[in-house]
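Here the structure comes first, spelled out in structure tokens, and everything after it is commentary.
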Amino acid sequence: MLAGIKGSGTEFRAVVGTGPHDVRAEEVFPTTTADETIARVTGFLTAQEERIEHVGLACFGPLDLDPRSPSHGHITSSLKPTWRDYDLLGAVRAALPVPVTLEIDVNASALGECAAGAGVGKRSVVFMTVGKGTGIGAVLGGRPLRGRSHPEMGHLPVARHPSDVFAGTCPAHGDCFEGLVNPAGLAARGLSGHEQALLAAWYLAQVVMTMTYSLSPEVIVLDGAVGTMPGVLPALREAALDRLGADPAMAGVKAAIDTYVVASPLGGRAGVLGTLLLDQAYESEDA
């Protein structure tokens, strides 16, 4: 029996089951203070009748995923005061003394899409959640993307739209992708809903192009408040076709654009379903 925990800035989801297609119990908790939230989540899991043998843990970051680091398992420079420098992995291990595998939330979401969503039957999937917070994760060859740490592709630089003078909201970079494309930032420009969708799609197309040329996924899955905004997906596909241009290497992608850039069918559950696969993705390592 497996347990999964997936945390975002607004909610934590917890599940128990043998895998993404066999969920026995599930609960959602609002994200409040770190100690209170984790106590609620782990309390729900420890109350289950069946013995849990492994926990997959995925959360917003930045997360220290390096087992050699003194702060391994900590949420590091979070803007949320009680979560900054919080020992997330240690807190979950203390409540559930079983192997725990830690991952960034968007990589777990990409795993969930591979198992039960838009990435079924595929081994290379990019997952993009675009909302109040923006994150991009990937599964390549069946394994979540990691390097020195987890990717932070929401902070990719993008070229500005010629008519866009908005300063951006990212506290680190101002006008990176996340800083330019988020609900508050789009609303602050004074645009209509249709105009917001077109502008978001214009920027999203640049990121789709970057993902396509750098990671060569089989599918790119879109989620989040902006990602699911009416009109964004068709406008994004059209803008992506324009961005990819006449490159003959991209002919296959362009021909299949309607199945290459898609919306998540999992209703926000991709990440928590993916946590039930983390033991397999990392061969049950306690990482």
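Read-outs throughout are calculated quantities, based only on the coordinates presented, and are distinct from any laboratory measurement. No experiment lies behind these values; they were computed from the predicted model shown. Glycine gets a Cβ as well: all are built from the backbone with ideal geometry, and neighbour counts include every protein chain shown.
For the chain, the longest principal axis of the Cα atoms and the long axis of helix 105-116 meet at an angle of about 90 degrees.
Based on the Stokes-Einstein relation at 10 °C and a viscosity of 1.306 mPa s, and on the Kirkwood radius from alpha carbon pairs, the chain is assigned a translational diffusion coefficient of 82 µm²/s. The order of the peptides 91-100, 112-121 by mean Cβ neighbours within 10 Å, most packed first, is 112-121, 91-100.
Cross-link reach is defined here as a Cα-Cα straight distance under 16 Å, omitting same-chain residues fewer than 8 places apart; for Lys132 the lysines meeting it are Lys80. Between 0 and 90 degrees, the angle of helix 34-46 with respect to the longest Cα principal axis of the chain falls at about 60 degrees. Counting other Cβ atoms within 10 Å as a rough exposure proxy, the listed residues Lys132, Lys122 run Lys122, Lys132 from fewest neighbours to most. Using the empirical formula 2.2 N^0.38 Å as the baseline, the Cα radius of gyration of the stretch 2-105 reaches a ratio of 1.00.
Ordering 51-64, 23-36 by mean Cβ neighbour count within 10 Å, with the highest value first, yields 51-64, 23-36. Residues Arg243, Arg84, Arg13 in ascending order of nearby Cβ atoms (within 10 Å, fewest first): Arg84, Arg243, Arg13.
For the stretch 118-263, the Cα-based Rg and Dmax, in that order, read 14.6, 43 Å.
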